[in-house]
Amino acid sequence: MSLTYLPRAAAAATAVAALFALATGCSGAEAPSAAKDPGPAAAAPVSLPAPRSAPSPAAVLTPAPAAGEVRTEQGPFTDRVKLTNTRLTTAGTPSVTGHVAISSDVSDTLALEITAAYYDAQGRLLGTGTFQYQEEGEDAHAQEHHDGPRAAGDGIDFTVPADRLTGTPSAAVLSIPVLVNE
């Protein structure tokens, strides 16, 4: 081999080395083994916002409620429903009863949850209760079956029984944390 071909050979070898370095990452370190390569799973996790849950009821109502008062807390679904005939019953198991109709559209309601926060005469929180409605269908369980009017059209009657109260309620505040329409 003559010296005139040496610069070309060196240039070609340098080019091959540069391509190899680019292909392997140019780190100067040895190529990572499969055990060291974390792959795509090691990418930074995607940060999603935490799921929103219904706010906790107020510990104290201000102003203090009137005896037998049932308030409706403003929330994301209160403009889509009409609550009527709400009343607090304290005999036996305290509960709030009433009627709810969807006022925003005529589509079927698939799921509905109404919660009640129960308060004493001074406005102190005594406990809560929940009413859940799920549209009947092939997947509905026997305990989820509701007779009477349905949420679409005429609406439904509801009862929100109190659960583990610490006293006798004088008033209640209703909220609707779940409303799912078709």
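The values are calculated or read from the model by the stated rules, or taken from the named source; none is laboratory data. Owing to the predicted nature of the structure, the values given are computational and were not obtained by experimental measurement. So basically every Cβ, Gly included, is an ideal-geometry build from the backbone, and we count neighbours across all protein chains shown. For accessibility, only protein heavy atoms count, side chains too; no ligands or nucleic acids. Shrake-Rupley method; radii C 1.70, N 1.55, O 1.52, S 1.80 Å.
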Flag if Leu165 is under 30 Å from Ala66 (Cα atoms), at pLDDT 85 or above, of a type in the set (A, V, I, L, M, F, W, C) and in a loop (DSSP other than H, G, I, E, B): yes
Top-ranked residue of region 77-103 - restricted to ones that are out of contact with any strand residue (DSSP E or B) (no Cβ under 8 Å at 6 or more places or on another chain) and free of Cβ contacts under 8 Å to residues at least 40 places away in the same chain, ranked as farthest from Gly167 (Cα to Cα): Asp79
Of residues in region 72-102 being surrounded by 20 or more Cβ atoms within 10 Å (Cβ to Cβ) and over 14 Å from Ile176 (Cβ atoms), the one nearest to the chain's Cα centre (by Cα): Ser95
Wholly within region 47-152, strands (runs of 3 or more DSSP E) carrying at least 2 residues that are touching a His at 6+ places or on another chain (Cβ under 6 Å), within 14 Å of Leu174 (Cβ to Cβ) and at pLDDT 75 or above: 81-89
Of all residues making up region 103-130, the number that are open to solvent by less than 40 Å² (accessible area, probe 1.4 Å), more than 12 Å from Leu179 (Cα to Cα) and hydrophobic (A, V, I, L, M, F, W, C): 3
